[in-house]
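K.L.:
I am attaching a structure below and will ask some questions about it afterwards.
Bear in mind that the values in this text are calculations on the coordinates, not laboratory data. Just so we're clear, the structure is a prediction, and the values are computed from it rather than from any experiment. Note that we place each Cβ from the backbone using ideal geometry, even for glycine, and neighbour counts take in every protein chain shown.
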Amino acid sequence: MYRVLYAAGWGYVALCGLVLAKSGTPVPRGGEPTTSPAPYAGAAGQWFSQVKPFCNAVEVEVRQQQLPAPSGVEGAGYSAACYALAGKIDRAQEVIDRLAKDERSQAAGIVFEIGHPVADAGDDQSAGPIMRLVVGYQPGNYMALYHAGMSEYILGQLDFARTHLERFLELYRSEDGWRNNALDVLKRMNGKQ
């Protein structure tokens, strides 16, 4: 029985080799493509809609290699947002840092818009690093400061939480639930000292 399966397997391999040889298509060495794929030609938002299902730790690198983001600030912003959603904050930062200094804040704004629903949903493990990334380029983004601070508090990163929540309170003056929550958390942290 095993000999029959063994012979059938090798027959299949030989058939595949014959088909490849007759097709005339060269097989790239090392599995690498012979040319780099061209960046997506459409709008950056459309590109993101196509790749968003692949913005996870397992698939993000391969997908962005297969279908690179459009060039420009928006393409970089959406590409960075995809990496950030996948938890690859260093890669997201690399993408933003390749832009001119005066364009980085705009790209970080796109990351914020994509990451904000994650923070609102309460996924503190994912939201904290995304919001810290945004704050690095937009230090006056009070909502990013708030979400970063709250995530860091929940995760026990009290020094970061204190810094971000205190800065949030300096910028955000409305007497509402956001401000009250930040004040309550700071009181609790000061009580733990």
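K.L.:
Can you pull out the GluC sites (Glu not before Pro) in region 126-193 that DSSP calls coil and that have at most 15 other Cβ atoms within 10 Å? Write down the numbers at each step before the final one.
P.N.:
On the way: sites: Glu152, Glu166, Glu170, Glu175; in loops: Glu175.
Those satisfying the criteria are Glu175.
K.L.:
Follow-up question, since we're still on this one. Cut-off under 17 Å on the C-alpha distance; same-chain residues fewer than 8 positions from Lys52 excluded. Which aspartates and glutamates are left, in chain and number order?
P.N.:
Cα-Cα hits under 17 Å: Glu61, Glu74, Glu113.
K.L.:
If the cut-off is a Cα-Cα distance under 19 Å, which aspartates and glutamates reach Lys187, setting aside same-chain residues fewer than 8 apart in sequence?
P.N.:
Straight-distance partners of Lys187: Glu152, Asp159, Glu166, Glu170, Glu175, Asp176.
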